[in-house]
1. Quick check on my filter: what residues within the range 1-27 are among the charged types (D, E, K, R) and outside any strand (DSSP E or B)?
2. Which is among the β-branched types (Val, Ile, Thr), touching a residue at least 40 places away in the same chain (Cβ under 8 Å) and surrounded by 15 or more Cβ atoms within 10 Å (Cβ to Cβ), of Val115, Val21, Val93, Val102?
3. For the structure I just gave you, tell me whether Arg82 is closer than 30 Å to Ala147 by Cα and either touching a residue at least 60 places away in the same chain (Cβ under 8 Å) or touching an Asp or Glu at 6+ places or on another chain (Cβ under 7 Å) (or both).
4. Does Arg88 count as loosely packed, with under 15 Cβ neighbours inside 10 Å, in contact with a Leu (Cβ under 9 Å, 6 or more places away or on another chain) and touching a residue at least 40 places away in the same chain (Cβ under 8 Å)?
5. Could you tell me which of the residues Gln63, Gln33, Gln14, Gln45 is exposed (fewer than 13 other Cβ atoms within 10 Å of the Cβ), on the phi < 0 side of the Ramachandran plot, outside the structural domain of Val137 (by TED's automatic domain parsing) and under 27 Å from the mean Cα position of the chain (by Cα)?
6. Could you check the range 1-11 and list, in sequence order, the residues that are crowded, with 18+ Cβ neighbours inside 10 Å and more than 25 Å from Leu114 (Cβ to Cβ)?
7. Filter the range 31-52 for residues that are under 11 Å from Met1 (Cα atoms) and part of a helix (DSSP H, G or I) and give the result.
8. Taking Ser138, is it surrounded by 11 or more Cβ atoms within 10 Å (Cβ to Cβ) and in contact with a Pro (Cβ under 7 Å, 6 or more places away or on another chain)?
Amino acid sequence: MEVVFLTDVEGVAQGGEVKEVRNGFARNYLIPQQLAAPATHNNLQRIKKLTEQAKVDRLKILQDMKELASAIDGTEITIPVRAGANGRLYGSVTGTMIADQVSEITGRTLERRLVQLDDPIRDLGTFEVPVRLHPEVSANISVIVHADGEDPISELEEDEISESITEAEETTEQIVADSDSNIETDDPKIS
């Protein structure tokens, strides 16, 4: 069945386009939801007007998504989860959980599919997660996964302190090794 799309339908067509679709898809979904209309002579006359309106709508959506991206870009969200002593989670952190947290922060509904999480997060720590709000707009958020009942900030500070200690130990070992090689010996066999 040939239809005229009244609005953008993601993955199918943009508003104002005339396209051939399956009869059942048109009759059961597109037409009842007023996403498309049958491609009659009168509807084809309306295409130009629909195309202009669809362009305006797309620009409005793009601007709206850019504003949302600037609001959430670089945002840190914390997700408390149950975890074992080895830092592995009982379960995982999914795109739905991240989308819900972002929705709480912004007050706007964010769909799960917009969170570009390849695999669910199964470890404690900090993860950079891209959010693709629009084909032309994306943002990165920082997800801090911490154990239930623990303060995520103190946990991060402990990690930074342990990293600093490790770096200091390595530097000390390097200095000792360098000083050992610079020590002159009185034994003529070693020179």
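The values are calculated or read from the model by the stated rules, or taken from the named source; none is laboratory data. Just so we're clear, the structure is a prediction, and the values are computed from it rather than from any experiment. Quick reminder, even Gly has a Cβ in these numbers, built from the backbone with ideal geometry, and neighbours come from all protein chains shown.
1. Residues of the range 1-27 among the charged types (D, E, K, R): 2, 8, 10, 17, 19-20, 22, 27.
Listed by number, the residues that qualify are Asp8, Glu10, Glu17, Arg22, Arg27.
2. Values: Val115 fails: touching a residue at least 40 places away in the same chain (Cβ under 8 Å); Val21 fails: touching a residue at least 40 places away in the same chain (Cβ under 8 Å); Val102 fails: touching a residue at least 40 places away in the same chain (Cβ under 8 Å).
None of the other options fit; the residue is Val93.
3. Working: closer than 30 Å to Ala147 by Cα: yes; either touching a residue at least 60 places away in the same chain (Cβ under 8 Å) or touching an Asp or Glu at 6+ places or on another chain (Cβ under 7 Å) (or both): yes.
Against the criterion (closer than 30 Å to Ala147 by Cα and either touching a residue at least 60 places away in the same chain (Cβ under 8 Å) or touching an Asp or Glu at 6+ places or on another chain (Cβ under 7 Å) (or both)), Arg82 qualifies.
4. Details: loosely packed, with under 15 Cβ neighbours inside 10 Å: yes; in contact with a Leu (Cβ under 9 Å, 6 or more places away or on another chain): yes; touching a residue at least 40 places away in the same chain (Cβ under 8 Å): no.
No; evaluated as a whole, the condition is false for this residue.
5. On the way: Gln33 fails: under 27 Å from the mean Cα position of the chain (by Cα); Gln14 fails: exposed (fewer than 13 other Cβ atoms within 10 Å of the Cβ); Gln45 fails: under 27 Å from the mean Cα position of the chain (by Cα).
Residue meeting the stated conditions: Gln63.
6. Val3, Val4
7. none
8. Numbers: surrounded by 11 or more Cβ atoms within 10 Å (Cβ to Cβ): yes; in contact with a Pro (Cβ under 7 Å, 6 or more places away or on another chain): yes.
So Ser138 passes the test.
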